[in-house]
1. Among residues belonging to the range 31-58 that are in a helix (DSSP H, G or I) and loosely packed, with under 12 Cβ neighbours inside 10 Å, point out the one that is nearest to the chain's Cα centre (by Cα).
2. Could you list all residues from the range 61-81 that are assigned to a helix (DSSP H, G or I) and exposed (fewer than 10 other Cβ atoms within 10 Å of the Cβ)?
3. Could you tell me whether E28 is in a helix (DSSP H, G or I), touching a residue at least 24 places away in the same chain (Cβ under 8 Å), out of contact with any His (no Cβ under 8 Å at 6 or more places or on another chain) and among the charged types (D, E, K, R)?
4. Regarding T56, is this residue β-branched (V, I, T), at pLDDT 85 or above and over 22 Å from I12 (Cβ atoms)?
5. So which residues in the range 17-26 are over 11 Å from the mean Cα position of the chain (by Cα) and open to solvent by 40 Å² or more (accessible area, probe 1.4 Å)?
6. Is it true that F73 is hydrophobic (A, V, I, L, M, F, W, C), out of contact with any Phe, Trp or Tyr (no Cβ under 8 Å at 6 or more places or on another chain) and at pLDDT 90 or above?
7. Among the residues of the range 82-109, count how many are modelled with pLDDT of 85 or more, of a type outside the set (D, E) and open to solvent by less than 80 Å² (accessible area, probe 1.4 Å).
8. Which one of the conditions (1) charged (D, E, K, R); (2) surrounded by 12 or more Cβ atoms within 10 Å (Cβ to Cβ); (3) more than 12 Å from the chain's Cα centre (by Cα) does K112 fail to meet, given that it meets all the rest?
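The values are calculated or read from the model by the stated rules, or taken from the named source; none is laboratory data. Quick caveat: nothing in here was measured; it's all calculated off a predicted structure. All Cβ positions, glycine included, derive from the backbone under ideal geometry; neighbour counts span all protein chains shown. In case anyone asks, the SASA skips ligands and DNA or RNA and just uses the protein heavy atoms, side chains included. Shrake-Rupley method; radii C 1.70, N 1.55, O 1.52, S 1.80 Å.
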Amino acid sequence: IITLSDLECDYINARSCCSKLNKWVVPEVIGHAVVTVLMLISLHWFIFLLNLPVATWNIYRYIMVPSGNMGVFDPTEIHNRGQLKSHMKEAMIKLGFHLLCFFMYLYRLVLKITPK
């Protein structure tokens, strides 16, 4: 979010912004897929079903990158067609999702640890 807002305010150029953001796309896809599979294996159905659409979206977004682009975030296209605004919106939604998941995981952890 900070990197995208820096690009929006012209504090950094599009190429350095996109290279910083693209560096984290593959670890995000792998990490979210691993968490989703672990929730399936451990039979936490609600959390699995909550994570499945986000993991699917991350994988879809990574696979559908056009062949000439630098990555998911492309410096030549980030200012075109409102992509910067859509990337900002997606980042805010993901931040809210991860915050919600953090508190759900924390609640489950405390619930499991406390004696009955």
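1. Only one residue tops the list, namely P53.
2. Matches in the range 61-81: I63, N80, R81.
3. It is true that E28 is in a helix (DSSP H, G or I), touching a residue at least 24 places away in the same chain (Cβ under 8 Å), out of contact with any His (no Cβ under 8 Å at 6 or more places or on another chain) and among the charged types (D, E, K, R).
4. yes
5. S19, K20, K23
6. no
7. 12
8. So K112 meets the others, but not (2).
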